[in-house]
Structure formats: C-alpha cells, structure tokens
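Every number here is computed from the coordinates shown, using simple stated rules; none is lab data. Predicted, not measured: the structure shown is a model, and the values here were computed from it. Cβ placement follows ideal geometry from the backbone for every residue including glycine, while neighbour counts extend to all protein chains displayed.
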Amino acid sequence: MIKLVEIGILFDFYGRLLSEKQYQAVELYYIHDLSLAEIGEELNITRQGVYDTLKRSEQKLYHYEEILGLVGKFNKSHDTIREILKISKELQVYGQENNNKLIIDKAREIEEIGLEILE
C-alpha cells in the first residue's frame, strides 16, 4: 500500500518525464488498477514487457526524486506552512487574551494566506 501511494505521488510530479509507453503503463497499473495482462493487451506488449516497463519506470521516478527532490521540498514546505498556521492560532489567542485587535486581525490574515497556499 505504501509503495502504491509513493509511486502515485512520484507519478504526479515526474510522470511526464517518462516515455509515453512508461507513462501509460504506470497510469494503467497504479491509477486504473489494471493487471499486467490487461496492460499488455492495451499496449500490445507481453506481460513480461509490461513488468519490465513498470520496473524501469519506477526506478526512473525514484531517480528523478533523488536528483530533483521536488516531493521532499513540497512536503517540507507544507510542514512549514502548517507550523505557521499553528503559530497564527497562538497569536490569535494571545491577541484575545490581551484584547489586541491588531494582533488578532494580522494573525487571521496570516492564517488565510497559509490556508490558501495549502489548497
């Protein structure tokens, strides 16, 4: 299950860097849940050819992440934004406790921007 999610995420980021046949094989296998035989029929290659294509595609996707690190950077950015949102909530509480409308308003602005980025 973890590999399925991992490949799906890598495919979202790097799928278009694969060859057309590799892209189709990964999409049919991981996204549409077709069997190797079904994919072979669709792509007009043997079941073993599909298996080999998938393995090479997976290796390429992992290699792209190793070199470019886009998924890692994306996850790190989202973690950082979540931390900013947490601090924004703390500022809102502080503003309410000290009856400071400016702090409350600015903290809410930060929160809105953070939530917008996460969408």
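The helices (runs of 4 or more DSSP H) located wholly in the stretch 1-99 that include 3 or more residues which are under 21 Å from the mean Cα position of the chain (by Cα) occupy 2-14, 20-26, 47-68, 70-97.
Tell me which residues, restricted to the stretch 43-62, are farther than 14 Å from D12 by Cα and among the small types (G, A, S).
Answer for the stretch 43-62, where residues must be farther than 14 Å from D12 by Cα and among the small types (G, A, S): just G49.
Of all the numbered requirements in (1) within 12 Å of F11 (Cα to Cα); (2) of a type outside the set (S, T, Y); (3) surrounded by 18 or more Cβ atoms within 10 Å (Cβ to Cβ), G40 misses one, and that requirement is (1). Residue-level check: of (1) within 30 Å of F11 (Cβ to Cβ); (2) among the acidic types (D, E); (3) touching a Gly at 6+ places or on another chain (Cβ under 9 Å); (4) without any contact (Cβ under 8 Å) to a residue 40 or more places away in the chain, E65 misses just (4). If only residues of the stretch 1-42 that are among the hydrophobic types (A, V, I, L, M, F, W, C) and touching a Ser or Thr at 6+ places or on another chain (Cβ under 8 Å) are counted, the one that is farthest from I67 (Cα to Cα) is A25.
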